[in-house]
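Below is one structure, written out as structure tokens; the observations come after it.
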């Protein structure tokens, strides 16, 4: 039964919440699962035309009945990101057009990039005055994550996997948390030029202001958005081309609508979590040192409490693992979700419901690129599918018995000491909002005796959150590409719980190593040039400050202590 087909929240909950089945009713042993379905109501299958970004059908605020022990309300949804320029013409963008001819989508000349890095502010301002700071066709979509500037235009979407926004909503009766993932290179907390309403900060505030969601406990900190960092997916940062206005608006509304759909699908559910050793699926990527990669796959599953005995209905399966998604061919022009997309599909095929994958400490690790191919060269199995194989059968995981939700959230001003990134951010080549206000941080494991200190005349607001579900689960959010030393430490601080130290969530502000992993030589742009060879890694050139990783770690540990 597809709960997303229910027309209102009242209709969706009236019958479901009167059912008394608890976790024991569906069994704690491996059981058969339903046949996978080809669709989720309210979504678009790959290759189909995306729907117009219509206004949400309002959900009716209601007082939800009480839950039985060990239950939460859970709901999941997914919506296609297939560009819909025709639909957006009726939404205030009469000139909306997607250029799918790669020959008409200009690529950045490497020599021009060198000029952009080294030339005067006047020349940069001249390019920015055209509306898009990069010299490109404004009707083109570009992949993100390869060098800098528009390099790989998108001419089509992968027909097997597509690209999606997925969301899982969890409510304990009072608090509400929505974990949302977009198949994209990144999404920013606060945009500088592209929009004034599409940053994660603004989307969270807008959703919390909707009466139907607010009545169910939606707050700005309830909304969390992760980008898979797939390099063959769209760039929403501005670093690899500037997203057309109409498509930025479509993607923003798709995020909001998927959240609404997930909340509208809330029903009594039980949760289970687990961990699995997955070291063979990633490897250390840094050239100048070796550190411990994060080797665990962690997973969470929501199962409908009213499932027929012996046939549990999985609402969503969430996996979290660390490995850069760089296994697909960017030159093909086909937008692809990379191995996180294979993970989602494999989870949906095996368990049903909505599959979704979140990155953890991917900053210094890469994927093993262990695709298994058919004779015709197509992918038969991938890292994502093999990770799904490691997830326990339904009912065989760790049951989450206590289900109260606790959220701790904060923001802080982080100094921006990376001169090249600051220079790219000013005219919008990297479209993050930087503040012309000074900031100082003093942080570290022993901030009194051996601190990491940093001061700069410019700063950026960074968010961090910790979410606890009972005594079994902790979810943390990192606003960039966290390094595995950091995420492993977060896991070590809560050994009695299953910890999801998520990265690239609620912001995508570059690499975030700790200070002992950071190279000051590469920090000021040399890493752009040498590309991680011989003596410096390019990741340092994308780190806004040498203390940012230390600050994320210590701030997150403080938030974890608040939700214990």
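Of all residues in region 159-188, those satisfying the criterion of being farther than 26 Å from residue 264 by Cβ and under 18 Å from the mean Cα position of the chain (by Cα) are 185, 186, 188.
Here's the yes/no breakdown for (1) outside any helix (DSSP H, G or I); (2) in contact with a helix residue (DSSP H, G or I) (Cβ under 9 Å, 6 or more places away or on another chain):
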{"site": "257", "(1), (2)": "no, no"}
{"site": "263", "(1), (2)": "no, yes"}
{"site": "272", "(1), (2)": "yes, yes"}
{"site": "289", "(1), (2)": "yes, yes"}
{"site": "297", "(1), (2)": "yes, yes"}
{"site": "301", "(1), (2)": "yes, yes"}
{"site": "328", "(1), (2)": "yes, yes"}
{"site": "341", "(1), (2)": "no, yes"}
{"site": "358", "(1), (2)": "yes, yes"}
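I'm checking my understanding of the structure. Among residues of region 75-100 that are out of contact with any helix residue (DSSP H, G or I) (no Cβ under 9 Å at 6 or more places or on another chain) and either buried (at least 18 other Cβ atoms within 10 Å of the Cβ) or at pLDDT below 95 (or both), which one is nearest to residue 163 (Cα to Cα)? Filtering region 75-100 for residues that are out of contact with any helix residue (DSSP H, G or I) (no Cβ under 9 Å at 6 or more places or on another chain) and either buried (at least 18 other Cβ atoms within 10 Å of the Cβ) or at pLDDT below 95 (or both), the one nearest to residue 163 (Cα to Cα) comes out as 82. Checking the structure you have, find out if any residue of region 277-296 is touching a strand residue (DSSP E or B) at 6+ places or on another chain (Cβ under 8 Å) and under 30 Å from residue 261 (Cβ atoms). For region 277-296, residues touching a strand residue (DSSP E or B) at 6+ places or on another chain (Cβ under 8 Å) and under 30 Å from residue 261 (Cβ atoms): absent. Scanning region 195-207 for residues that are surrounded by fewer than 21 Cβ atoms within 10 Å (Cβ to Cβ) and in a loop (DSSP other than H, G, I, E, B) turns up 195, 196, 197.
So, of the residues in region 269-292 that are more than 22 Å from the chain's Cα centre (by Cα) and more than 30 Å from residue 396 (Cβ to Cβ), which turns out to be surrounded by the most Cβ atoms within 10 Å (Cβ to Cβ)? Among those residues, the one meeting the criterion is 286. Considering only region 429-455, state which residues are outside any loop (DSSP other than H, G, I, E, B), without any contact (Cβ under 8 Å) to a residue 24 or more places away in the chain and more than 29 Å from the chain's Cα centre (by Cα). Passing the criteria: none in range.
Name the residues in region 311-326 that are farther than 15 Å from residue 152 by Cα, outside any strand (DSSP E or B) and within 18 Å of the chain's Cα centre (by Cα), would you?
322, 323, 325
Of the residues 453, 476, 489, only one is in contact with a helix residue (DSSP H, G or I) (Cβ under 7 Å, 6 or more places away or on another chain), surrounded by fewer than 23 Cβ atoms within 10 Å (Cβ to Cβ) and at pLDDT 95 or above; which? It is 489.
The values are calculated or read from the model by the stated rules, or taken from the named source; none is laboratory data. Source: prediction; values computed, not measured. Ideal geometry is used to build each Cβ from the backbone, glycine not excepted, and the neighbour counts take in all protein chains shown.
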